[in-house]
1. Might you let me know whether the stretch 143-162 holds any residue that is surrounded by fewer than 16 Cβ atoms within 10 Å (Cβ to Cβ), modelled with pLDDT under 90 and within 25 Å of Asp51 (Cα to Cα)?
2. Inside the stretch 185-195, can you point out the residues that are in contact (Cβ under 8 Å) with a residue 40 or more places away in the chain and either in contact with a strand residue (DSSP E or B) (Cβ under 8 Å, 6 or more places away or on another chain) or of a type in the set (Val, Ile, Thr) (or both)?
3. Is it true that some residue in the stretch 77-93 is closer than 27 Å to Thr174 by Cα, touching a residue at least 40 places away in the same chain (Cβ under 8 Å) and not in a strand (DSSP E or B)?
4. Looking only at residues in the stretch 163-184 that are touching a strand residue (DSSP E or B) at 6+ places or on another chain (Cβ under 6 Å) and outside any strand (DSSP E or B), which one is nearest to Val52 (Cα to Cα)?
5. If you take the residues in the stretch 53-74 that are small (Gly, Ala, Ser) and assigned to a loop (DSSP other than H, G, I, E, B), which one is modelled with the lowest pLDDT?
6. Based on this model, can you work out whether Asp51 counts as open to solvent by 70 Å² or more (accessible area, probe 1.4 Å), closer than 23 Å to Arg131 by Cβ and of a type outside the set (Lys, Arg)?
7. Please verify whether the stretch 30-42 includes one or more residues that are open to solvent by less than 50 Å² (accessible area, probe 1.4 Å), in contact with a strand residue (DSSP E or B) (Cβ under 9 Å, 6 or more places away or on another chain), at pLDDT below 80 and part of a loop (DSSP other than H, G, I, E, B).
8. State whether one or more residues within the stretch 106-126 are touching a residue at least 12 places away in the same chain (Cβ under 8 Å), loosely packed, with under 15 Cβ neighbours inside 10 Å, among the basic types (Lys, Arg) and under 19 Å from Val179 (Cα atoms).
Amino acid sequence: MPTPPRRLGARRRRPAVLAMAAALIAAGGLGGAVLYNSSGQRIAVLALARDVPMGQVISNDDLVVAHIAGDPALHPLDARDLEHTVGLRATTDLKRGALLVKSDLTSDPATQPGQQIVGLAAKRSQLPATRLQPGLQVLIVYTPDSTKADGATRTPDTMTATVAVVGRADTDGTTVIDVAIGPGDGPRLASWVAGGKFQVILAPRNAGGS
């Protein structure tokens, strides 16, 4: 029985099908590469170079530029915002390595109009164990000799203040704290600080001015 002739159309279509498959595979690979590059695109953002306590003014040394993969769920400040970020205050405790977002910062002043700012260089023994943060009310107690010349106990002078800025502790444990006080109280508090005869205690929440 004679062998039926092969159809030329099938032979011609086979190379065409193979070529089309190869093109589709190549296109798929290219699309995957584009998608990978797009999802893996890295952007320059601002991050914390060190811990910054709430209320502290942000400085250049507090910030570092980090490069991360773009993610629509993340909204860190762009590295180009560095110049506008320095000088703002932290609205919460910021931790080293964290990305900086808009809600972490404020331009609102730490003090009210008319208040005076006095810096206290306080030793550990002059501060409460509770960590002071901007916005907390404290009582500053003047602590000279506790007895009068006649032997009677002296009632200590006190002054209500609001913590504005808490500096970093020096190697000897001394911490400089800026406090906001009422108009006219600056010179009196400065004299207490100059003599080193003062104690900082946490004020009751309903404490009034003195």
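1. no
2. To start, the set of residues in the stretch 185-195 that are in contact (Cβ under 8 Å) with a residue 40 or more places away in the chain comprises 185-186, 189-190, 192-193, 195.
Matches in the stretch 185-195: Asp185, Gly186, Leu189, Ala190, Trp192, Val193.
3. Going through the stretch 77-93, the residues closer than 27 Å to Thr174 by Cα turn out to be 86-93.
Checking the rest, the ones that are also touching a residue at least 40 places away in the same chain (Cβ under 8 Å) come to 89, 93.
Subsequent filtering for residues that are not in a strand (DSSP E or B) retains 93.
Yes, some residue in the stretch 77-93 is closer than 27 Å to Thr174 by Cα, touching a residue at least 40 places away in the same chain (Cβ under 8 Å) and not in a strand (DSSP E or B).
4. Once the filter is applied, the top-ranked residue is Gly167.
5. In the first step, residues of the stretch 53-74 are kept if they are small (Gly, Ala, Ser); the result is 55, 59, 66, 69-70, 73.
Narrowing further to those that are assigned to a loop (DSSP other than H, G, I, E, B): 55, 59, 70, 73.
Values: Gly55: 75, Ser59: 91, Gly70: 80, Ala73: 81.
My answer is Gly55.
6. Working: open to solvent by 70 Å² or more (accessible area, probe 1.4 Å): yes; closer than 23 Å to Arg131 by Cβ: yes; of a type outside the set (Lys, Arg): yes.
Yes; evaluated as a whole, the condition is true for this residue.
7. First pass over the stretch 30-42, keeping only residues open to solvent by less than 50 Å² (accessible area, probe 1.4 Å): 31-33, 40.
Pick out the ones that are also in contact with a strand residue (DSSP E or B) (Cβ under 9 Å, 6 or more places away or on another chain) and you get 40.
Retained after the next criterion (residues that are at pLDDT below 80): 40.
Applying the additional criterion that residues be part of a loop (DSSP other than H, G, I, E, B) yields 40.
Yes, the conditions are met somewhere in the stretch 30-42.
8. The answer is yes, given that some residue of the stretch 106-126 is touching a residue at least 12 places away in the same chain (Cβ under 8 Å), loosely packed, with under 15 Cβ neighbours inside 10 Å, among the basic types (Lys, Arg) and under 19 Å from Val179 (Cα atoms).
The values are calculated or read from the model by the stated rules, or taken from the named source; none is laboratory data. For clarity, every value in this text was computed on a predicted model and none was experimentally measured. A quick note on method: Cβ atoms are made from the backbone with ideal geometry, for glycine too, and the neighbour counts reach across all protein chains shown. Side chains are part of the model used for accessible areas, which takes the heavy atoms of the whole protein and leaves out ligands, DNA and RNA. Shrake-Rupley method; radii C 1.70, N 1.55, O 1.52, S 1.80 Å.
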